[in-house]
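Engineer: Pasting a structure below so you can have a look.
The values are calculated or read from the model by the stated rules, or taken from the named source; none is laboratory data. Model, not experiment: these values are computed from the prediction. Here the Cβ positions follow ideal geometry from the backbone for every residue, glycine too, while neighbour counts run over all protein chains shown. What goes into the accessible areas is simple: the full protein's heavy atoms, side chains included, and nothing from ligands, DNA or RNA. Shrake-Rupley method; radii C 1.70, N 1.55, O 1.52, S 1.80 Å.
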Amino acid sequence: MKQARLFAFYLSLFVGFISLSSEILWVRVASYTFKTLPQVFSIVLIIFLTGIALGSLYGRDYCTNKKYDLYKVSFYILMISSISDILFLYLALTIMKTYLLPIFALGIFFSAFFKSIIFPIAHHLGTTSKKVGSSVSFIYFGNIIGSTLGPIFTGFILLEYFTTINTFIILSVATAFIAAFVYIYISRKNIKELITFLIITALILLFNTLLEDKNLSTLILGKKSIFTIENRHGIIDVFEIAKKGKVVYGSGMYDGAINTDLDNDINGIRRAYRIAAFKNPLEHILVIGLSTGSWIKIISQIPTVKKITVVEINPGYIKLLEKYQLNHLLSNKKIDFVYDDGRRWLKRNPNKKFDAIIMNTTWHFRSNVSNLLSKDFFKIAKNRLIKNGFIFYNPSFSLEAFKTSTLVFKNVSKYTNFVICLLYTSDAADEEDSVD
């Protein structure tokens with residue numbers, strides 16, 4: 001009986017690990033595809049929890065029917081689960097965009113459904129009639145450990161070193177190994193289990209080959225990017241687009257174009273040239289968000305500028321500079337590159353003061369963008385400006401974002417689609433940083 005408890009504990013742990021890891025991947029793919037909207041996570045969670053609920057209910061039926069060998073049931077369910085995620089991922093990457101939503105919904109649902117069938121089975125196998133409470137808590141403890149480690153290991157380690165598609169493959173292989181672990185405990189083995197294992201393994205290898213030439217970029221523009229950088233912070237794609245040149249997308253949304261030519265202003269680069277006219281002299285500048293590096297190149301050429309601090313949360317953009325002949329910026333002694341969240345860095349450096357804070361902010365409707373467009377952030381930024389300093393930021397056509405800055409600054413105006421917030425001597429910052 002002790003062996004059964006340990007088996008159930010490890011099974012529950014492994015399934016929890018794989019299950020929550022799969023959720024992390026589906027959230028990443030869905031957010032990337034649907035413009036990182038805040039609603040995406042909620043929808044994925046609803047579908048995933050529905051799959052868990054129905055899968056657990058379905059698993060109960062196996063436990064109450066004595067004709068089933070629960071070890072065999074677990075083996076077959078895990079083998080099916082090992083192929084489910086990559087099957088739906090492959091379908092998403094090969095079918096028309098019109099059908100993406102149902103494919104994602106089915107992929108997320110079955111990812112949770114198959115794995116959650118195992119959970120009540122693990123409890124049933126590992127629970128003794130004499131110590132029900134102790135057995136249940138022990139097995140549930142294993143599931144919690146796995147569910148905690150899964151997102152941490154997958155989100156911070158696997159996605160840092162492997163692409164999203166490769167991580168899906170890794171989890172599929174891991175699920176097949178868990179099935180092999182269960183196979184050891186089947187008392188009456190037959191050739192069917194072995195054939196099933198070989199067929200599913202062959203299918204995993206087949207999908208690995210089929211997905212090798214696939215790229216998630218097809219999900220957003222319907223074509224493969226010419227250069228892609230993936231890490232745990234997100235996905236950066238470069239597309240070659242007629243009349244626009246090399247265009248960069250960050251985590252599924254337009255992020256800018258690689259261009260500094262005013263005569264070919266495909267990316268509104270005149271806004272960067274305009275910065276020099278707002279204050280003289282401009283000496284110390286903070287830039288939140290590196291993007292393509294085009295703005296940094298122009299700002300670094302302003303004669304009076306002595307220091308530029310660039311805060312970028314995704315170090316992958318440095319590879320973009322190296323790839324597209326802007327790597328001289330990395331050796332420019334005027335420029336300091338900091339890899340951090342812009343808001344967090346400002347709060348950690350209360351003594352830093354700047355003539356200007358430049359933010360070519362991403363779209364106002366994306367997740368977490370309020371970190372840079374909130375009233376509280378503008379108060380923090382205001383206290384980092386010297387007298388007659390300014391903030392020049394992109395509200396991405398949001399009137400609400402424009403209005404928010406007027407609640408903090410008295411002198412606010414627009415230049416094209418940008419907003420400039422001026423801190424005149426008489427308006428010197430007198431508010432304490434908010435704490436949150």
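Engineer: Viscosity 1.306 mPa s, temperature 10 °C: give me the Stokes-Einstein translational D for the chain in µm²/s, with Rh taken as the Kirkwood radius over C-alpha pairs.
Structural biologist: Once the numbers are plugged in, D ends up at 65 µm²/s.
Engineer: Show that you can apply the helix-only estimate: for the chain, add -39,500 (n - 2.57) for every DSSP H stretch of four or more residues, divide by all residues, and state [θ] at 222 nm to the nearest 500.
Structural biologist: -17000 deg cm²/dmol
Engineer: Roughly how many percent of the accessible protein surface of the chain is carbon and sulfur, given a 1.4 Å probe and a whole-percent answer?
Structural biologist: The C+S portion of the solvent-accessible surface of the chain is 60 percent.
Engineer: Between 63, 92, 286, whose Cα lies farthest towards the positive end of the dipole of the chain when Lys and Arg beta carbons carry +1 and Asp and Glu beta carbons carry -1, centred on the Cα centre?
Structural biologist: My answer, from the dipole projection, is 63.
Engineer: For a quick check of your reading of the filter: which trypsin sites (Lys or Arg not before Pro) in the range 52-120 sit in a DSSP loop and have no more than 11 other Cβ atoms within 10 Å?
Structural biologist: Answer by residue number: 66, 67.
Engineer: Once you order the gyration tensor axes a ≥ b ≥ c over the Cα atoms, which shape class does the range 253-346 get: rounded for a/c under 1.5, otherwise prolate or oblate by comparing a/b with b/c? Don't jump to the answer; show the numbers that get you there.
Structural biologist: Numbers: a/c = 1.44, a/b = 1.05, b/c = 1.38.
Here the range 253-346 falls in the rounded category.
Engineer: State the answer as a single residue: which of 21, 220, 168 lies farthest towards the positive end of the charge dipole of the chain, with beta carbon charges of +1 for Lys and Arg and -1 for Asp and Glu, about the Cα centre.
Structural biologist: 21
Engineer: Taking Cα atoms of the range 70-194, Rg/Rh with Kirkwood Rh, to two decimals?
Structural biologist: Using Cα coordinates only, the ratio equals 1.03.
Engineer: Let me know the charge dipole size of the range 54-120 about its Cα centre in debye, to the nearest 20, where only the beta-carbon of Lys, Arg (+1) and Asp, Glu (-1) is charged.
Structural biologist: I would put it at about 140 debye.
Engineer: OK, next. For the range 156-179 and the range 327-353, what is the separation of their C-alpha centers, rounded to whole Å?
Structural biologist: A separation of 34 Å, based on Cα centres.
Engineer: OK, next. Are there any helices in the chain, counted as whole DSSP H runs, that stretch 15 Å or more along their axis by Cα and score at least 0.5 on average by Kyte-Doolittle, and if so which?
Structural biologist: On the way: long enough: 2-33 (47 Å, 0.90); 38-64 (41 Å, 1.17); 70-94 (36 Å, 1.56); 100-126 (40 Å, 1.63); 132-153 (31 Å, 1.21); 164-183 (29 Å, 1.91); 191-212 (31 Å, 1.82).
TM-like helix candidates: 2-33, 38-64, 70-94, 100-126, 132-153, 164-183, 191-212.
Engineer: Which trypsin sites (Lys or Arg not before Pro) from the range 140-220 combine a DSSP loop assignment with at most 12 other Cβ atoms within 10 Å?
Structural biologist: 188
Engineer: Further question on the same structure: Which value, in debye to the nearest 20, describes the size of the charge dipole of the chain about its Cα centre when Lys and Arg Cβ atoms bear +1, Asp and Glu Cβ atoms bear -1, and nothing else is charged? Don't skip to the end; give the middle numbers.
Structural biologist: Numbers: 48 positive and 30 negative charges, 83 e Å.
The calculation lands at about 400 debye.
Engineer: Under a point-charge model restricted to the Cβ atoms of Lys and Arg (+1) and Asp and Glu (-1), what is the dipole moment magnitude of the range 140-240 relative to its Cα centre, in debye to the nearest 20?
Structural biologist: 440 debye
Engineer: Any of 323/375; 2/66; 323/387; 297/382 with alpha carbons more than 29 Å apart? Name them for me.
Structural biologist: In this structure, 323/375; 323/387 exceed 29 Å between Cα atoms.
Engineer: So, in Å, what gap is there between the alpha-carbon centers of the range 246-322 and the range 4-72?
Structural biologist: Each part reduced to its Cα centre gives a spacing of 43 Å.
Engineer: Under 10 Å, Cα contacts only: if you run a Gaussian network model on the chain, which one of 174, 381, 202 comes out with the highest mean-square fluctuation?
Structural biologist: Per the Cα network of the chain with a 10 Å cutoff, 202 tops the list.
Engineer: Most fluctuating residue of 251, 398, 367 in a GNM of the chain with Cα springs under 10 Å: which is it?
Structural biologist: 398
Engineer: Compute the distance from the alpha-carbon center of the range 182-243 to that of the range 92-118, in whole Å.
Structural biologist: Their Cα centres are 14 Å away from one another.
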